[in-house]
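Here, each number is a calculation from the coordinates, and none is a lab measurement. All values reported here derive from a predicted model rather than from experimental measurement. A quick note on method: Cβ atoms are made from the backbone with ideal geometry, for glycine too, and the neighbour counts reach across all protein chains shown.
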Amino acid sequence: MTGRLAKRYARAVFELARDEGTLEALGEELGRGVATFEDPRVGLLLLSPVIDAGVRLRTTKEIAAALGLSPIVANLIALLAERNRLPILPDVARWYEDMLDTELGRVRVTISSAAPLGTPEKNELVELARRLTARREVLASIEVDPDLLGGVVLDTGGTVYDGSLKAQLARLRREMAEGGV
């Protein structure tokens, strides 16, 4: 995640949502807003320098209304459009999601494996992530990456535990090249 500016916007929205008791709902709304404004057709229209600022603002307000966004999210999007900062909306949403996860004591984890995992393996890896991160809740996404050759990689959003065969072979290759074997 980048951008101190995006983080400041996210923090402001987060505090408003906390005051209203709508933390998770606003996170979902931000996600819908990002998905809409990242659509190439919408982006071409709203991010083009030839589009008048008034038209850009009016269009973003119409889109927010059509999506049924709350006043907080609609106002955020309008403010970003008015200040020609719509491109940072995805970063604002990512910062918001990070703040929400911290607030709720949860962590997002990506589990990558060379082959599809069965339910027992998934559950075991989620429990391992829970222990490693000392969090109450683990939101896991599972990916299959045949390039790993075997084993799994657990990415806890900052710390990567690489137990893949690919990594083990790379370490062995490096040790052999250094004469460590």
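Can you give the % of DSSP beta bridges in the chain that are antiparallel, to the nearest 5?
About 45 percent, rounded to the nearest 5.
Using a 10 angstrom cutoff on alpha carbons, build the Gaussian network for the chain and name the most mobile of GLY158, GLY33, GLY105.
In the Gaussian network model the winner is GLY158.
So if I place +1 on the C-beta of Lys and Arg and -1 on the C-beta of Asp and Glu, and nothing else carries charge, what would the dipole magnitude of the chain be about its Cα centre? I want it in debye, nearest 20.
Rounded to the nearest 20 debye, it is 440 debye.
Between VAL42 and ASN75, with labels modelled 7 Å along Cα→Cβ, what's the label distance in nm to one decimal, could you check?
2.1 nm
So the label point goes 7 Å from the Cα of ARG18 along Cα→C-beta, right? Which residues of region 80-117 then have their backbone N under 20 Å from it?
Under cut-off, by backbone N: 92-108.
I'm spelling it out carefully: the read-out is volume of the Cα convex hull per residue in Å³, the candidates are [x] 175; [y] 119; [z] 140, and one was derived from this structure. Which label?
Entry [x].
Lys/Arg Cβ at +1, Asp/Glu Cβ at -1, dipole of region 107-178 taken about the Cα centre: which of VAL153, ALA167, LEU132 is farthest positive-ward?
LEU132
Among ILE88, ILE77, ILE142, which one shows the highest mean-square fluctuation when the chain is modelled as a Gaussian network with alpha-carbon springs under 10 Å?
ILE142
For region 107-178, calculate the relative contact order in percent as a whole number, restricting contacts to Cα pairs under 8 Å that are 6 or more residues apart.
Once divided by the residue count of region 107-178, the mean separation gives 39 percent.
Calculate, for LEU67 and THR159, the FRET efficiency according to 1/(1 + (r/R0)^6) with r their C-beta to C-beta distance and R0 35 Å; round to the nearest 0.05.
Computed FRET efficiency for LEU67 and THR159: 0.50.
Give the calculated FRET efficiency between ASP52 and LYS166 to the nearest 0.05, with a Förster radius of 45 Å applied to their Cβ-Cβ distance.
E between ASP52 and LYS166, to the nearest 0.05, is 0.30.
How far apart, in nm, are two points set 7 Å out from the Cα along the Cα-to-Cβ line at ASP98 and at ASP147?
Distance between the two pseudo-spin positions: 2.4 nm.
Rounded to the nearest 0.05, what FRET efficiency do ALA177 and GLU137 have when you use their Cβ-Cβ distance and R0 = 41 Å?
After rounding, the FRET efficiency stands at 0.45.
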